[in-house]
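Structure first, then comments.
The values are calculated or read from the model by the stated rules, or taken from the named source; none is laboratory data. Note that the structure is predicted; figures quoted are calculated from it, not measured. Please note: Cβ atoms are built from the backbone with ideal geometry, for glycine as well, and neighbour counts cover all protein chains shown. Note: areas computed on protein heavy atoms with side chains; ligands, DNA, RNA excluded. Shrake-Rupley method; radii C 1.70, N 1.55, O 1.52, S 1.80 Å.
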Amino acid sequence: MSRSGRLLVLAAAWVLPAGWLLLALTAGPSDGTSLSASLLPDGTRSPESVTVARTFGSTPLLPGDRVQAVDGRALEEWLAGDATTAREVGDVLRYEVRRAGGALDRIQQVDVRLVDYPVVSALRAEWRSVVAAVVVLLVGSAVFWARPLAGSARAFLAAAALLPAVLTSVPFGTGVIDLVDSRGAWPEVVGESLAALGLVALVVAAALLVRLPGRLGWWVPALALPVPLVGYAAWLGLALGDAGSRPERLDVLATIATPALWAAVPALVLVAAFAHARAERREDVLATRLVLLGLGAGLGTWVFLGQLPAWLSVDSPLRWDVLAALAAGVPLACLAAAAAHFHLDEIEPRVRRGLVQALVLVVVGVAFVALVRAVDAAADISVGSMLTGGLLALLLLPVAVAVQRLVRRVVYGDREFPDRVVSDLRRLDAVTAPEDVLREALELLARRLHLSYAAVDVVATGTSEPIATSIGTAYGTPATVDLAVGGTTLGRLQVEVDVGRDPFGPGDRRLLEDIGSQVGALVQAMAANRELQVSRQRLVAAREEERRRLRRDLHDGLGPSLATLAMRLEAASDLIHEDPGEAADLVARLSDQAREDIAEVRRLVEGLRPPALDQLGLVSALRHRAAEHTTGTGPVRVPWSVEAGDDLEPLPAAVEVAAYRIVVEAVNNVQRHSGADRCTVVLSRGGGDLHVEVADTGSGLAPDRRAGVGLSSMRERAEELGGSFEVVPRPGGGTVVRVRLPLGEG
């Protein structure tokens, strides 16, 4: 969906509740009262009268007033008659009001002037409800903006646009004047009906969190449509028969959102559980599980903080509006995060851990309540005060734990939280200069652990010099940690705590070991990067050297020879008519020169990649060279043979060249230095590597002999491909060259 399309949808979602609220409030004159409170835990109407729940503006009526008659007629008569008279702004009506006054109620006659609905005063008085509606719309808009094409996000936006319509029932419900005026209670009925549809949209949003196959994707959301009707029908069946007066029957008939809510909650649980069972992708599993956790948290909050105190005849620790915000806000927030797929990997585990902690508190609370009941049965002690004190203790326990952790962190740093220190060390970039990254690691440790001294010593490797970096000053004996990775010690770390703080003890061993492992991994990564950099430099140098050799050979050898050949061919063409014999003799000599140039080209090509590898393969090329070597003329040569399995080839081109060059160089060393009478080359394939072994029966290497050019060349060829190279004595005399070359099969 385009940006403009999303903006139009969001504009419609905001205009709907705002427009409906203004239309409902300004549809007729107002006496500044609100009666309806069907969502509240206690009723506000009685059979003979209606009770004012709240007032707005400058009305003479007060909250709690019980209106019995208007203009001399009882409310029962007004509701039974044909209320077709349309009241106008400025009309004055006389209300008969029963008002609480000390020990006895007083019946008063109060003149009320009808005015335009005090919208500003009402919004200011009930700003919490307005803010809650705006927050719901903001969350719905954010969900839709994040995933405009997702069905769950669209359904959640629809719910966010419909749920605020309940404001025309609570807190801006039907007034007393609406019962005696022709307008009636239709704004309250429509508002609660729209809110019930919003609950249907929430059920649909939960159903669309996963992709359901075939017709199931239509049937499950469709089954959510009759949910409010089922709840409303059950409500009418239970409550309408007990409503004796017309005001009571009107109250029952206008109560739609509450029964729809109690029907939607189990429907949400069932739909979310079904979606969770059908989820296959990880993000869908996390989303549906988050919704189930949110529903469990909301229901638990309502039961244990709202209903349980009522059953125990004690006051709830939370105000009704705060309790309702928690019980409804947590499930809505979880459903919004699930529909938007917002950081599910982070939110879902935190919600789950929070519920586990809440469950522990609930278990402790239930045990405490049982204990209080037992004490109450045995002694005359106030149950309410004990429950209140125990509940406050449970609520303050997490605060005390948090304060304790904060104090320990201020005093000891992150010594109690090694995972945080290790996590920060993992974020360091090992690609930067070794001294800089090590200093950065030491500064991080000093800052997190309150260190006065920290030092790291890295041992030398084949490609880097030893490194020593430190910060601060050592006043005592620092704690030393070996930087070991994979059984290899790469260096050591020394740390010392500030003088004014507790030194490291046995309890900090896990922290030091974790830090040592992570710093060791950092040093290993630095060494690997350094080796990679050196290897790249060697490759670049070898490439440039090879180019220089080719240029020199072409410029000094083949180039002048071809130029001479061209000039002599021109001379031969001039002699064809003058002296044909001389021309023929010259052409014959030029033919010999051309053959020499061709041989030179072959030599150059063989220097890049031996042609025998392309023509014969590695094994056959080596055997061919061994046969030529054995039958060649000149000084006495050491015979050598090649042994290889049938499954050796094919091989990567780079591996073939490296193995060929290494074998040829190893055999040449045998010829020149070993004094052997035979030499064997064994090629095998195993574990994703090519294994090369060149063994001779000579005198072996002298103990004090340094590696020459040949051995260094073979080692570099093996390490360039990520392999290994070693020279070891042969049992019974002689030398064995072992080479491992990765084939890159994985």
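Using the Cβ-Cβ distance between Glu88 and Ala222 with R0 set to 30 Å, the FRET efficiency works out to roughly 0.05. Distant-in-sequence amide contacts of Asp91, defined by a placed amide H-H separation under 5 Å and a gap of 5 or more residues or a different chain, comprise Leu114. Whole-Hz Karplus values for segment 522-529 come out as 5, 5, 4, 5, 5, 5, 5, 5 Hz, taken residue by residue from phi with 6.51 cos²θ - 1.76 cosθ + 1.60 and θ = phi - 60°; glycine and proline positions read x.
The 3J(HN,Hα) values that the Karplus relation (6.51, -1.76, 1.60; θ = phi - 60°) gives for segment 126-131 are, in residue order, 10, 5, 5, 5, 5, 4 Hz. Gly and Pro appear as x. Placing +1 on the Cβ of every Lys and Arg and -1 on the Cβ of every Asp and Glu, with no other charges, gives segment 237-288 a dipole of roughly 100 debye about its Cα centre.
Extending 7 Å from Cα along the Cβ direction at Val587 and again at Val134 yields two label points whose distance is 10.3 nm. Applying 1/(1 + (r/R0)^6) with R0 = 35 Å to the Cβ-Cβ distance of Asp105 and Leu308 gives a FRET efficiency near 0.55. Annotation for segment 144-238: trypsin sites (Lys or Arg not before Pro) lying in DSSP loop with at most 13 further Cβ atoms inside 10 Å of their Cβ are Arg215. Along segment 720-730 the Karplus relation, 6.51 cos²θ - 1.76 cosθ + 1.60 evaluated at θ = phi - 60°, assigns HN-Hα couplings of 4, 9, x, x, 9, 9, 8, 10, 10, x, 8 Hz to successive residues, with x for each Gly and Pro.
Between Asp556 and Glu596, the contour length at 0.36 nm per residue exceeds the alpha carbon distance by 12.9 nm. Here's how it looks for Leu35: its modeled amide H is under 5 Å from those of Ala53, Gly173, Thr174, Gly175, which are all 5 or more places away or on a different chain. As a length-normalised measure over Cα pairs under 8 Å and 6 or more apart, the relative contact order of segment 141-265 settles at 27 percent. Measuring from centroid to centroid over Cα atoms, what is the spacing of segment 205-228 and segment 332-362 in Å? Centre-to-centre (Cα) distance: 23 Å. Ranking Met567, Met1 from most to least accessible surface, computed with a 1.4 Å probe over the protein chains only, gives Met567, Met1.
Amide hydrogen proximity for Ala484: with H placed 1.01 Å from N in the peptide plane, the residues at 5 or more positions away or on another chain lying under 5 Å are Leu490.
Return the FRET efficiency for the residue pair Leu743, Thr477: r is the Cβ-Cβ distance, R0 is 45 Å, and the value is rounded to the nearest 0.05.
Computed FRET efficiency for Leu743 and Thr477: 0.30.
In this simple spin-label approximation, Glu283 and Ala11 carry label points 7 Å from Cα along the Cα→Cβ vector, and these lie 3.0 nm apart. Give a quick list of trypsin sites (Lys or Arg not before Pro) in segment 277-346 that DSSP marks as loop, anything other than H, G, I, E or B, with at most 13 other Cβ atoms within 10 Å. Those satisfying the criteria are Arg281, Arg319. Site pair Arg549 and Leu236 shows an inter-label distance of 9.8 nm when each label is modelled 7 Å from Cα along Cα→Cβ.
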